[in-house]
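Colleague: Handing you a structure now.
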Amino acid sequence: MLDLTIADSLAPILFQLAIGGIGGFFIGYILKKIFKVALILIIIVFSLLFLAYTNIIDVDYSGLSDLASNFVTAIDPALEMFAPLLANVPFIASFIVGFFFGLSRD
């Protein structure tokens, strides 16, 4: 007969909660820093689009479209890797909490 205690039953869930919370915190903190850099890049891109709109510079839109298409094709396998996370609800819940704590961290 199996003799399981409450601690044995909760250990996998607590492990997922801890790893998810810590991982979410670090991802949120890193994304907050990345968003600051992305804001600068967005300002540069919109400045270039404005210059192209006013015909100050010339933009090869077909080349830009090919570049964007190649980028999306390259990151598609990386996005499929996150599908198994959907099966781990405790991990995802604690990840989200940690993510928002990471975002709120200065």
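Colleague: Quick one: what pairs do we get from segment 11-35, first residue under 12 Å from Phe95 (Cβ atoms), second of a type in the set (Gly, Ala, Ser) and surrounded by 14 or more Cβ atoms within 10 Å (Cβ to Cβ), C-beta under 6 Å, 6+ apart or different chains?
Modeller: Pairs that qualify, where the first residue is under 12 Å from Phe95 (Cβ atoms) and the partner is of a type in the set (Gly, Ala, Ser) and surrounded by 14 or more Cβ atoms within 10 Å (Cβ to Cβ), are Leu17/Ser94; Gly20/Ser94; Gly21/Ser94; Gly21/Gly98; Gly24/Gly98; Phe25/Gly98; Phe25/Gly102; Gly28/Gly102.
Colleague: Would you confirm, using the coordinates I've provided, whether Leu64 is without any contact (Cβ under 8 Å) to a residue 40 or more places away in the chain, of a type in the set (A, V, I, L, M) and over 28 Å from Arg105 (Cβ atoms)? Step through it out loud before you land on a result.
Modeller: Numbers: without any contact (Cβ under 8 Å) to a residue 40 or more places away in the chain: yes; of a type in the set (A, V, I, L, M): yes; over 28 Å from Arg105 (Cβ atoms): yes.
Yes.
Colleague: Within segment 59-71, does at least one residue satisfy the condition of being surrounded by 11 or more Cβ atoms within 10 Å (Cβ to Cβ) and touching a helix residue (DSSP H, G or I) at 6+ places or on another chain (Cβ under 7 Å)?
Modeller: yes
Colleague: Related question: Which residues, taken from segment 10-56, are more than 28 Å from the chain's Cα centre (by Cα) and surrounded by 10 or more Cβ atoms within 10 Å (Cβ to Cβ)? Step through it out loud before you land on a result.
Modeller: Start the filter on segment 10-56 by keeping residues that are more than 28 Å from the chain's Cα centre (by Cα), which leaves 10, 50-56.
Result: Leu10, Phe50, Leu51, Ala52, Tyr53.
Colleague: Output the residues belonging to segment 84-106 that are surrounded by 12 or more Cβ atoms within 10 Å (Cβ to Cβ), under 15 Å from the mean Cα position of the chain (by Cα) and at pLDDT below 70.
Modeller: Hit for segment 84-106 is Leu85, nothing else.
Colleague: Might you let me know whether segment 17-26 holds any residue that is not in a helix (DSSP H, G or I) and not basic (Lys, Arg)?
Modeller: The answer is no; no qualifying residue exists.
The values are calculated or read from the model by the stated rules, or taken from the named source; none is laboratory data. Everything numeric here is computed off the predicted structure, so don't read it as measured data. Note that we place each Cβ from the backbone using ideal geometry, even for glycine, and neighbour counts take in every protein chain shown.
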